[in-house]
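Each remark here refers to the structure printed beneath this line.
The values are calculated or read from the model by the stated rules, or taken from the named source; none is laboratory data. Every value quoted in this text rests on a predicted model; they were computed, and no experiment measured them. Every residue, glycine among them, receives a Cβ derived from its backbone with ideal geometry; neighbour counts consider all protein chains shown.
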Amino acid sequence: MIKMKFLQQYKNLSKEIYVLFFGRIVTSMGSLIWPLLTLILKNKLGYNATTIATLTMAMSILQFPMLLLGGKLADTLNRKKIIIVCDLVTVVSYIICGLLPLSNYSIALFYIAGVFATIEGPSYDALVADLSDSESREKAYSLQYLGMNLGLVLSPTIGGLLFENYLWLAFILTGLATLSSTILIILFIKRLSVEKGNVSAYEEKRENESVFRILRERKTLILYALVCGVGGIVYAQFNYLLPLNMETLYGAKGATIFGMLTSTNAIVVIIATPLITTFLSRLMDVRKIFIGESLIVLGLFGYRFVQGAMVPYFILMILFTIGEVFNTLGHQPYMTRRIPSTHWGRVNSFVNTVNGLFAGVGNIFIGKIVDVKGYDMAWLAVGVLGAVAIILVVMLNLVDKRQFGLLYK
């Protein structure tokens with residue numbers, strides 16, 4: 001009976017949502033490189049923690065205008081065409097990376113692929129919103145998140161196994177998986193929106209108005225962006241500090257261990273996402289963000305106390321992942337319920353830019369601590385930043401109801 005309830009909650013979504021779901025699965029199945037990028041820079045190319053963080057920050061700065069451009073394009077052009085063009089550029093970049101000997105040129109090509117993935121991001125998220133209404137949106141985003149993690153169950157572990165001797169193959173497989181997803185979108189995405197059965201006053205279109213005016217009117221979104229920024233620093237340590245820590249403890253085998261942790265993350269997401277979506281669907285999005293942020297902080301900060309202990313690594317990863325599920329199911333529908341549909345792409349880009357900027361600066365800060373003080377102090381800094389993030393979410397919970405009271409009725 002419960003199993004049927006899990007399945008039924010995803011019924012009656014638009015056909016295109018299911019196509020995007022399968023596209024997410026295929027793309028994630030080939031996501032062999034992104035989880036290993038920190039280890040590639042350190043183990044294969046010999047960079048230290050500070051250099052890696054500085055490089056990541058520099059690439060992030062280059063992506064920020066592209067992210068804003070992606071938001072503008074998402075709100076003005078055909079979102080399907082944007083996704084297809086950007087996907088094709090990433091496919092070509094990945095495959096060239098696989099054919100060339102690994103070098104700084106490979107990393108540059110990989111970041112070019114990342115830039116175009118960034119440009120298409122607002123279009124992809126806005127397309128999910130376009131193909132659902134306010135009542136079904138959380139389930140639509142939940143299904144996309146579930147699809148992404150279904151594909152991630154094995155890919156990080158496979159990437160970890162290929163890391164030492166067959167890294168070139170991981171690049172090729174990533175490109176081919178992205179191409180498969182693009183073909184699905186080309187063939188089966190026909191509609192770009194559905195008739196909305198329930199549109200709140202906050203989502204009504206506001207043509208010919210700047211995004212800055214929307215943000216001035218709805219100042220709670222500035223606090224929300226700050227929550228995303230500080231929370232983004234903490235979350236970024238999953239793909240930055242944690243793999244660095246594993247590499248220091250275990251050498252090249254750290255890639256395999258980190259890959260297994262990432263696969264555990266995906267498995268827990270697959271189990272927890274339908275559970276939380278089913279039984280806690282009435283819990284307000286801001287409260288889900290609070291629960292999620294708290295568990296993420298506890299899960300990551302806990303690594304300070306379990307250095308070299310394998311079983312606790314996986315226990316903490318489960319805790320972190322449950323927090324990630326709460327956080328994702330809170331964040332994804334949050335903005336689309338509170339801003340005009342004409343501004344989804346641009347506001348999403350603004351928030352993601354803040355998130356990326358904070359995460360980039362935060363990684364440099366954490367990297368400096370690693371190089372000077374070691375991992376114990378670095379994890380302590382993560383705990384302190386996590387406490388700040390939780391306080392900001394508490395403040396968001398208090399002010400959100402005042403500005404967006406209609407959503408609480």
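Please count how many residues of the range 370-409 are over 28 Å from residue 216 (Cα atoms), in a helix (DSSP H, G or I) and of a type in the set (D, E, K, R).
2
For residue 320, work out the one condition from (1) over 25 Å from residue 128 (Cβ atoms); (2) touching a Leu at 6+ places or on another chain (Cβ under 7 Å); (3) touching a residue at least 40 places away in the same chain (Cβ under 8 Å) it doesn't fulfil.
Here residue 320 clears every test but (1).
State which residue is farthest from the chain's Cα centre (by Cα) when the search covers only the range 321-354 and only residues that are at pLDDT 85 or above and of a type in the set (S, T, N, Q).
Result: 321.
Being under 16 Å from the mean Cα position of the chain (by Cα) and of a type in the set (Gly, Ala, Ser) is the requirement here; does residue 201 meet it?
No.
Hey, can you tell me all the residues within the range 322-336 that are of a type in the set (Phe, Trp, Tyr) and under 13 Å from residue 280 (Cβ atoms)?
Once the filter is applied, which keeps residues that are of a type in the set (Phe, Trp, Tyr) and under 13 Å from residue 280 (Cβ atoms), the range 322-336 yields only 326.
For the range 160-177, enumerate the residues that are crowded, with 20+ Cβ neighbours inside 10 Å and over 20 Å from residue 23 (Cα atoms).
The answer is 160, 162, 163, 167.
Go through the range 366-396 and give me each residue that's under 22 Å from the mean Cα position of the chain (by Cα) and modelled with pLDDT under 90.
Listed by number, the list holds a single entry, 367.
Does the range 347-365 contain any residue that is touching an Asp or Glu at 6+ places or on another chain (Cβ under 8 Å), in contact (Cβ under 8 Å) with a residue 60 or more places away in the chain, buried (at least 21 other Cβ atoms within 10 Å of the Cβ) and under 25 Å from residue 143 (Cβ atoms)?
For the range 347-365, residues touching an Asp or Glu at 6+ places or on another chain (Cβ under 8 Å), in contact (Cβ under 8 Å) with a residue 60 or more places away in the chain, buried (at least 21 other Cβ atoms within 10 Å of the Cβ) and under 25 Å from residue 143 (Cβ atoms): present.
Yes/no matrix, rows are residues, columns are (1) in a loop (DSSP other than H, G, I, E, B); (2) buried (at least 17 other Cβ atoms within 10 Å of the Cβ); (3) in contact with a helix residue (DSSP H, G or I) (Cβ under 7 Å, 6 or more places away or on another chain):
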| position | (1), (2), (3) |
| --- | --- |
| 273 | no, yes, yes |
| 282 | yes, no, no |
| 287 | no, no, yes |
| 290 | no, yes, yes |
| 297 | no, yes, yes |
| 300 | no, yes, yes |
| 303 | no, yes, yes |
| 308 | yes, no, yes |
| 312 | no, no, no |
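Given the criteria surrounded by 23 or more Cβ atoms within 10 Å (Cβ to Cβ) and closer than 19 Å to residue 150 by Cα, does residue 319 qualify?
No, not satisfied.
Please work out if residue 153 is hydrophobic (A, V, I, L, M, F, W, C), in contact (Cβ under 8 Å) with a residue 60 or more places away in the chain and under 29 Å from residue 335 (Cβ atoms).
yes
Out of all the residues in the range 108-130, which are over 15 Å from residue 76 (Cα atoms) and not polar (S, T, N, Q)?
108, 109, 110, 111, 112, 113, 114, 115, 116, 117, 128, 129
Do we find that residue 244 is within 23 Å of residue 57 (Cβ to Cβ) and modelled with pLDDT of 90 or more in this structure?
no
So which of 114, 71, 46 ends up being in contact with a Pro (Cβ under 8 Å, 6 or more places away or on another chain) and either on the phi > 0 side of the Ramachandran plot or not charged (D, E, K, R) (or both)?
Unique residue meeting the criteria: 71.
How many residues does the range 95-127 hold that are within 20 Å of the chain's Cα centre (by Cα) and farther than 19 Å from residue 68 by Cα?
Adding up the residues that qualify gives 1.
Please go through the range 79-109 and give me each residue that is within 20 Å of residue 186 (Cα to Cα), of a type outside the set (A, V, I, L, M, F, W, C) and without any contact (Cβ under 8 Å) to a residue 60 or more places away in the chain, ordered by number.
81
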